[in-house]
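First comes the structure, then the notes that go with it.
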Amino acid sequence: MQNIDAVVAGAGIWGCTVARRLAESGRRVLVVERREAIGGNVRCETDPETGIEIHLYGSHIFHTHIPEVWDFVNRFVKFNGYQHKVLARYKGKTYFLPLGLALVNKFFGTELSPGEVEAFMKDETHSAAVFDAFFRGYTSKQWGRPPEEIDPSIIKRVPVRSNYDVNYFNDYNQGIPLSGYNSLFERLLDHPSITVRTGVELRFEDGVFFAGGDSLGNVPVYYSGPLDVLFGYRFGHLPWRSLRFETEWLDMRDYQGTSVVNYTEAEVPYTRIHEFKHYHPENAAAMATAKTVIMREYPSDWRPGDEPYYPIDNESSRALLGRYREEAAKYTNLVVGGRLGGYKYYDMDRSIEAALALSL
Ligand SMILES: Cc1cc2nc3c(=O)[nH]c(=O)nc-3n(C[C@H](O)[C@H](O)[C@H](O)COP(=O)(O)OP(=O)(O)OC[C@H]3O[C@@H](n4cnc5c(N)ncnc54)[C@H](O)[C@@H]3O)c2cc1C
């Protein structure tokens, strides 16, 4: 391909960061994105009527303690300082997660002090009750396994906060882009040396990489799609867990008073309800509108063709991934990354960190 020094496949956070770095180091970059829009799974849509930013693939909160990542994203967008809190609904009552003084004292009707809660939670009866209420049903829905099969010992690995800090993440840098997530991607790709083509898939056929109909020759390719798809599933399908989202527009100002509520009982078919207006408390008009947008999240089995969300980590998937990685290593012009390419759950900051660490 003429006039191009590198091709980036996938305009998610990993691909856009790689493309920006390549362009800033003097390379002419072609970004191809299989979907019709950039942003990967962080893509949002602003509801024209209410101005509410809807996260199309589930809630995304930017959070990081990595200074290089925070500095990098702040070159492109400013954040609104939103601090994420998650509530849990269990048997008609609402609790603050994570596991800490607020949850424990409400659940048990106690008034434990910071010095008492850890020892209290070491008691098997207490930890089993918390596990049954908040972890067993939720985890079973998340991974599609019967509640009785969920290993109760996971509660032992859940840290107990001995304070009333209900901030969901420990990272001190948090927020949502003031100008919306899509603007982050638009600005990352807004460089004279970057060309973007959406609705174009990178493919690999008979030892040759193609973007659209064009053969790429030996141009370096930075690929953030799944390895099994690239290699035509020749060793089999890498398994995933999927999600289904149901969005609803409601004629009320506020549905649940917060951005995310987890539904922890196995009998409730969804795991979470997202209410997007709460991510932008600074957007007074959207906050005040008499409408709101909520989204129910349903975990689902994954079949080829479904949207892949969470990799299934087990012995056979690790072996399969190893075979695909060996195959990928044969092509010296191919660099694979991102959550799909890595077959690994990465938060956004970790995807950016990995893209910043590449030697380009
Ligand atoms: C439900 C859920 C909630 C999350 N919430 C958070 C959160 O609150 N905070 C946080 O930090 N992280 C969160 N994450 C993680 C976040 O989504 C990822 O870190 C981020 O999407 C990773 O970006 P990526 O570029 O690796 O992948 P993606 O965003 O998936 O981008 C990859 C892109 O490559 C494209 N592509 C694939 N194959 C090809 C091909 N052959 N040719 C061209 N294009 C191709 C895809 O269409 C896609 O656009 C969440 C993840 C999930 C599943």
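The values are calculated or read from the model by the stated rules, or taken from the named source; none is laboratory data. Just so you know, these numbers come straight off a predicted model, no measurement behind them. So basically every Cβ, Gly included, is an ideal-geometry build from the backbone, and we count neighbours across all protein chains shown. We work out accessible area using only protein heavy atoms, side chains counted, and drop any ligands, DNA or RNA first. Shrake-Rupley method; radii C 1.70, N 1.55, O 1.52, S 1.80 Å.
Quick look at the values:
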{"item": "Cβ-defined net charge surrounding GLU265, 12 Å radius [Lys, Arg +1; Asp, Glu -1]", "result": "+3"}
{"item": "Fluctuation leader among ARG318, ARG136, ARG27 - the chain, Gaussian network, Cα springs under 10 angstrom", "result": "ARG318"}
{"item": "Sequence of GLU24, GLU265 when ordered by accessible area, the most exposed leading, probe 1.4 angstrom", "result": "GLU24, GLU265"}
{"item": "DSSP-defined antiparallel bridges as percent of all bridges, the chain, nearest 5", "result": "65"}
{"item": "Packing-based order for 72-79, 30-37, 3-10, using average beta carbon neighbours within 10 Å, highest first", "result": "3-10, 30-37, 72-79"}
{"item": "Sequence-distant residues sharing a close amide H with ALA266 (under 5 Å, placed H)", "result": "GLY137"}
{"item": "Residue-count net charge about GLY217 - beta-carbon cut-off 15 Å; Lys, Arg +1, Asp, Glu -1", "result": "-2"}
{"item": "Cα principal axis extents for segment 98-165, largest first, Å", "result": "37, 21, 20"}
{"item": "Segment 14-30 - phi-based ³J(HN,Hα) in whole Hz, Karplus 6.51/-1.76/1.60, Gly and Pro as x", "result": "5, x, 5, 5, 4, 4, 4, 5, 4, 5, 6, 9, x, 8, 8, 10, 9"}
{"item": "Dipole axis of the chain (+1 Lys, Arg; -1 Asp, Glu on Cβ), positive-most option in ILE154, TRP14, VAL117", "result": "TRP14"}
{"item": "Largest to smallest accessible area among HIS278, HIS237 [probe 1.4 Å]", "result": "HIS237, HIS278"}
{"item": "Per-residue ³J(HN,Hα) for segment 340-346, Karplus 6.51 cos²θ - 1.76 cosθ + 1.60, θ = phi - 60°, Hz, x for Gly and Pro", "result": "7, x, x, 6, 8, 6, 10"}
{"item": "Ranked packing of 302-310, 152-160, most packed first, by mean Cβ within 10 Å", "result": "302-310, 152-160"}
{"item": "Accessible surface of VAL229 - all protein chains present, 1.4 Å probe, nearest 10 Å²", "result": "60"}
{"item": "The chain, accessible surface, carbon-and-sulfur percent (1.4 angstrom probe)", "result": "49"}
{"item": "Solvent exposure ordering (accessible area, 1.4 Å, most first) of ASP301, ASP254", "result": "ASP301, ASP254"}
